[in-house]
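The values are calculated or read from the model by the stated rules, or taken from the named source; none is laboratory data. Quick caveat, the model's predicted, so the values are computed rather than measured. Positions of Cβ are backbone-derived with ideal geometry, glycine not excepted, and every protein chain shown enters the neighbour counts. Protein only, heavy atoms only, side chains kept; ligands, DNA and RNA dropped before computing areas. Shrake-Rupley method; radii C 1.70, N 1.55, O 1.52, S 1.80 Å.
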Amino acid sequence: MKEMEVQEYVRKRKGELKEEAKTFLAAPTLAIVQVGHNPASDSYIRGKMKDALEVGFQAKLFWYEESIKEEELIRAVLEVSKDKNIDGIIVQLPLPKHISESKIQSVIPLEKDVDGFALGSSYLPCTPKGILMYLKEEGVELDGKNAVILGRSKIVGKPMADLLLKENMNVTILHSHTSLEDEKFYLSHADVVVAAIGKMHLLDERFTFRKDAVLVDVGINRGEDGKLHGDILPGRPVRLQTPVPKGVGLLTRLALMENLLEAAKRRRK
Ligand code: NAD
């Protein structure tokens, strides 16, 4: 069975997206809404704008002062939503405390919600979508196999479980109330593990995995060394383990471009 590094897969798929972009008269266009400055958000936005440029899409940043009132931001997002040249809109989180994230996100029309966060969104949430596309590209067998997902968040754990169930996997979700003994038990039987916890190297030598298991590490944790680390200790003796960084983060970014392309196709139908 072939195995492709995440980076290699993302490079290949971006090349294909670039070819698709050429078939559009006006490039698929993403609007990024940002309030204030937060170093992590600034860096994520730079990444998204770079991705868009690389595949021949457009990304426009709509930036507002930290002091903007909730009603003003709602009006601004509504205005962006109406723009006929915009195919997809994302609101960079977190927003300042005086603004309700869910209120702002609810203003985005479902057909432009390319982050896929809203209930009933026309798109799949980017992280689970990117992971599933990669697993399929890798030829990982899913039907009837055991998936163990750690974490039950709305943006990763739960939608990941839904997607893998649709692939006919036997899906188990573990979370903060799962005992260590149960965690060890379920993980030792898993064919595919998706760790989305946010605790550095929580899955360490205490756990045994099947030799042919595939470990997908979603976690992003800043270590005392100032570098980013995953939820899984690197180098587990398994078939495939995605790295952190340059693993799921790249897949999430790629999936945003996939969703934007989908949005552009729908609008031009
Ligand atoms: P969250 O922070 O909302 O929730 C964490 C989840 O982990 C909870 O559901 C909790 O029940 C569970 N959990 C806590 N301790 C656990 C344990 N011992 N065993 C099993 N589960 C446990 O989660 P989130 O927003 O999904 O983020 C999770 C991690 O993934 C964070 O590090 C985040 O930065 C990262 N993340 C990465 C990407 C990416 O593109 N790489 C995208 C989204 C989130």
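Structural remarks
- In region 219-243, the residues that are on the phi > 0 side of the Ramachandran plot never reach a residue that is more than 10 Å from the ligand (Cβ to nearest atom) and outside any strand (DSSP E or B) with C-beta atoms less than 6 angstrom apart, at least six apart or across chains.
- From V193, V148, V171, residue being in contact with a strand residue (DSSP E or B) (Cβ under 7 Å, 6 or more places away or on another chain), under 27 Å from R222 (Cα atoms), outside any loop (DSSP other than H, G, I, E, B) and more than 10 Å from the ligand (Cβ to nearest atom): V193
- Count - residues of region 174-190 that are within 9 Å of the ligand (Cβ to nearest atom) and open to solvent by 50 Å² or more (accessible area, probe 1.4 Å): 4
- Options T252, T208: the member that is away from the ligand (no atom under 15 Å from the Cβ) and of a type in the set (S, T, N, Q): T208
- For region 3-50, filtered to residues that are closer than 16 Å to D87 by Cβ and among the polar types (S, T, N, Q), the residue that is most open to solvent (accessible area, probe 1.4 Å) is T23.
- Region 56-74 residues that are open to solvent by 90 Å² or more (accessible area, probe 1.4 Å), paired with ones that are of a type outside the set (A, V, I, L, M) (beta carbon under 8 Å, 6 or more apart): W63/Q34; E65/G36; E66/G36; E66/H37; E66/P96; K69/H98
For every residue, the table says whether it meets (1) under 16 Å from the mean Cα position of the chain (by Cα); (2) within 25 Å of I45 (Cβ to Cβ); (3) within 10 Å of the ligand (Cβ to nearest atom); (4) not assigned by TED's automatic domain parsing to the domain that holds R13.
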position	(1), (2), (3), (4)
D217	yes, yes, yes, yes
R222	no, yes, yes, yes
K227	no, yes, no, yes
G230	yes, yes, yes, yes
L233	no, no, no, yes
P237	no, no, no, yes
P243	yes, yes, no, yes
N259	yes, yes, no, yes
K265	no, yes, no, yes
